[in-house]
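Notes follow once the structure below has been shown.
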Amino acid sequence: MYYFPEGSKFYYSTTFAAAKVVSALSNADPAVASATAHGYSDDAEVLIKSGWDDINESVFKVDQLTADTFSLMDQDTTDVNWYPAGTGTGTAQLVSSWTEIPQILTLDNSGGDVKYGTVSPLSKRNAINVPIGLNPETLTLTIGHDPANATYKAMLKIGRARTLCAFKQVIPGGGVTYGYGYMITSERAKQSAGNANSVPVGISIQGRSISYGA
């Protein structure tokens, strides 16, 4: 299935429920978290902080299994080299009260691509690149500048305070992408004849961007 950005909506949230202790996170597909009386329902959107770097500071949809367990949807942690057994414990926080970012004109992303380490063995004339991870991911939204807009004013305060936010992009056709990080909004409008005044909104993702299809 193909997805297109036209018609997308982008949301942020600074509302996180009290942290639930994740006492265990299994090596499974999907990973199962143990958290006493977590209170989550199916498809709840939950911020996970974990000893596993590839899960830490990322937002997942969850599948409620029992009163004390839930799974992280589509998250495969069976590879114990990436997810060492017994070290994925941490916390879970329910995300709620999503606020739509108004008047988005453009959305550009940078980073998130493969990062390479270059190796130049003395015995070889040609160096080689070894994939060692992913580069930091940054999103830049351009929004119409309306200094009286209440959400715009709230976004300015979030940037000044460096408040960490959860993010959600809902794509027509049922796709959704989550992230977690910082957001800062400019106060100086860009102006050019024939175009709406606009300001950039910068978002830096701290963990992974997690995507789900329809």
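The values are calculated or read from the model by the stated rules, or taken from the named source; none is laboratory data. Quick caveat, the model's predicted, so the values are computed rather than measured. A quick note on method: Cβ atoms are made from the backbone with ideal geometry, for glycine too, and the neighbour counts reach across all protein chains shown.
Mind checking which residues of the range 25-51 are surrounded by 15 or more Cβ atoms within 10 Å (Cβ to Cβ), aliphatic (A, V, I, L, M) and farther than 20 Å from SER97 by Cβ? Explain how you work it out, then say what you get.
Here is the first cut: in the range 25-51, the ones surrounded by 15 or more Cβ atoms within 10 Å (Cβ to Cβ) are 25-27, 30-35, 38, 40, 44-51.
So of that shortlist, the ones also aliphatic (A, V, I, L, M) come out as 25, 31-33, 35, 44, 46-48.
Selection gives LEU25, ALA31, VAL32, ALA33, ALA35.
Give me a count of the residues in the range 140-180 that are at positive phi and at pLDDT 95 or above. Step through it out loud before you land on a result.
Filtering the range 140-180 for residues at positive phi gives 162, 173-174.
Narrowing further to those that are at pLDDT 95 or above: 162.
The qualifying residues number 1.
Would you confirm, using the coordinates I've provided, whether GLY112 is under 23 Å from ASP74 (Cβ atoms), at pLDDT below 95 and in contact with a strand residue (DSSP E or B) (Cβ under 7 Å, 6 or more places away or on another chain)? Break it down stepwise before answering.
On the way: under 23 Å from ASP74 (Cβ atoms): yes; at pLDDT below 95: yes; in contact with a strand residue (DSSP E or B) (Cβ under 7 Å, 6 or more places away or on another chain): yes.
The answer is yes for GLY112.
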Next item on the list: Could you run through the range 33-77 and say how many residues are free of Cβ contacts under 8 Å to residues at least 40 places away in the same chain and part of a strand (DSSP E or B)?
Entry: 8
Notebook entry, point to check: What pairs can you find where one residue is in the range 190-214 and farther than 23 Å from GLY133 by Cα, the other is β-branched (Val, Ile, Thr) and in a loop (DSSP other than H, G, I, E, B), and their Cβ atoms are less than 8 Å apart, with a gap of 6+ or different chains?
Noted result: VAL201/ILE101
